[in-house]
Amino acid sequence: MSDRAAPLAAALAALVVAGCGAQAAAPTGLSVTASIFPLAEFARRVGGERVNVKTLIPPRSKAHDFQPSPRDLADLARARLFIYNGAGFEPWAARVIPQLPAGAVTVNATQGLALANGRAADPHVWLDPLLALEQVAAVGRGLIRADPEGRAVYEANVASLAGELRALHEVFAAALATCRRREFITAHAAFGYLARRYGLGMTAIQGPSAEAEPSPGRLAAVVRLARQHGIRVVYTDPLEPSRAAEAVAREAGATLGVLHTLEGLTAEEARRGETYFTVMHENLRQLVQGLECR
């Protein structure tokens, strides 16, 4: 056992014991922990009244930098099902999962999906409605493993949610079929799967994680591309405003738009009750405006 894994195992063991005395006060329903907002929403929609879902990574926290707190470890130790995105999006998960209690079910929601996208793997598969549908199916399978008695409920809810995602895909496909422009610029490379699905070209100022600042040469190259293609909008993420995107927009004579990665919600979005579907429709509205679609 590694030096880092040993303290984690001890913490989990202690939390399991401590949690046993608090079970009477725990919420009813199958305990599910999902790493990020979209997976938590899918779990709630598929699980319905049979589940109690917690989102592990809070809003405005970067998944790559996130480290579970003792309270997070307690939630994981009590969870019957842990759902995470995979594809390197939650590097800490590799240390946590082997230490979970015996019998806990884990779901890697990108396992088996084709993740290659350009030079780097893009973990943001939920931004493509049809890949999100595959993640919903994985969530359903995980719930059935954790709670076989709920199979009929979970299968029915998966089918219903899959229908909504197919309908969302059709709306995207129709709206983006006839656009004056096919190229768009975004702060970081989170929209490659969406772009590929609908025949668009995405140029990202930064990589999938938006952690490293782009070089001056990279900024200059993106500004040139914006001018060459007459791009009038540069998209940034409300969860992580980008000074680089602001600089590119300023130099290219473009405005700033918003494309939401849906890694989480802002406090205001959560207060308004925004969902995966409402945010995706807003993403589409932003794209239609920026690409001048008819």
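The values are calculated or read from the model by the stated rules, or taken from the named source; none is laboratory data. Bear in mind the structure is a predicted one, so any value in this text is a computation, not a measurement. Neighbour counts run over all protein chains shown; Cβ positions are idealised from the backbone, glycine included.
Can you name every one of the strands (runs of 3 or more DSSP E) wholly within the range 36-138 that holds 1 or more residues which are closer than 15 Å to L161 by Cβ and not aromatic (F, W, Y)?
The qualifying strands (runs of 3 or more DSSP E) are 51-55, 81-84.
Considering each residue of the range 248-280, count those that are in a helix (DSSP H, G or I) and either outside the structural domain of S215 (by TED's automatic domain parsing) or in contact with a strand residue (DSSP E or B) (Cβ under 8 Å, 6 or more places away or on another chain) (or both), and give that number.
3
Tell me, yes or no, whether the range 171-181 has at least one residue that is farther than 27 Å from R250 by Cα, of a type outside the set (G, A, S) and in a helix (DSSP H, G or I).
Yes, the range 171-181 contains a residue that is farther than 27 Å from R250 by Cα, of a type outside the set (G, A, S) and in a helix (DSSP H, G or I).
Return the residues of the range 184-196 that are buried (at least 18 other Cβ atoms within 10 Å of the Cβ) and not hydroxyl-bearing (S, T, Y); say none if nothing qualifies.
F184, I185, A187, H188, A189, A190, F191, G192, L194, A195
Quick check on A245: is it touching a Leu at 6+ places or on another chain (Cβ under 9 Å) and either over 30 Å from R44 (Cβ atoms) or not in a strand (DSSP E or B) (or both)?
Criteria met by A245.
Looking only at the range 259-294, count how many residues are under 30 Å from K54 (Cβ atoms), surrounded by fewer than 16 Cβ atoms within 10 Å (Cβ to Cβ) and of a type in the set (A, V, I, L, M).
Within the range 259-294, residues that are under 30 Å from K54 (Cβ atoms), surrounded by fewer than 16 Cβ atoms within 10 Å (Cβ to Cβ) and of a type in the set (A, V, I, L, M) number 2.
R180 versus (1) in the same structural domain as R232 (by TED's automatic domain parsing); (2) in contact with a Gly (Cβ under 6 Å, 6 or more places away or on another chain): which is the lone unmet condition?
(2)
Only one of A244, A249 is buried (at least 23 other Cβ atoms within 10 Å of the Cβ) and closer than 28 Å to E269 by Cβ; which?
Matching residue, one of A244, A249: A249.
What tally of residues in the range 137-161 results from selecting those that are of a type in the set (F, W, Y) and in contact with a strand residue (DSSP E or B) (Cβ under 8 Å, 6 or more places away or on another chain)?
0
Looking at the range 85-118, which of its residues are more than 18 Å from the chain's Cα centre (by Cα) and under 23 Å from M202 (Cα atoms)?
Answer for the range 85-118, where residues must be more than 18 Å from the chain's Cα centre (by Cα) and under 23 Å from M202 (Cα atoms): just G118.
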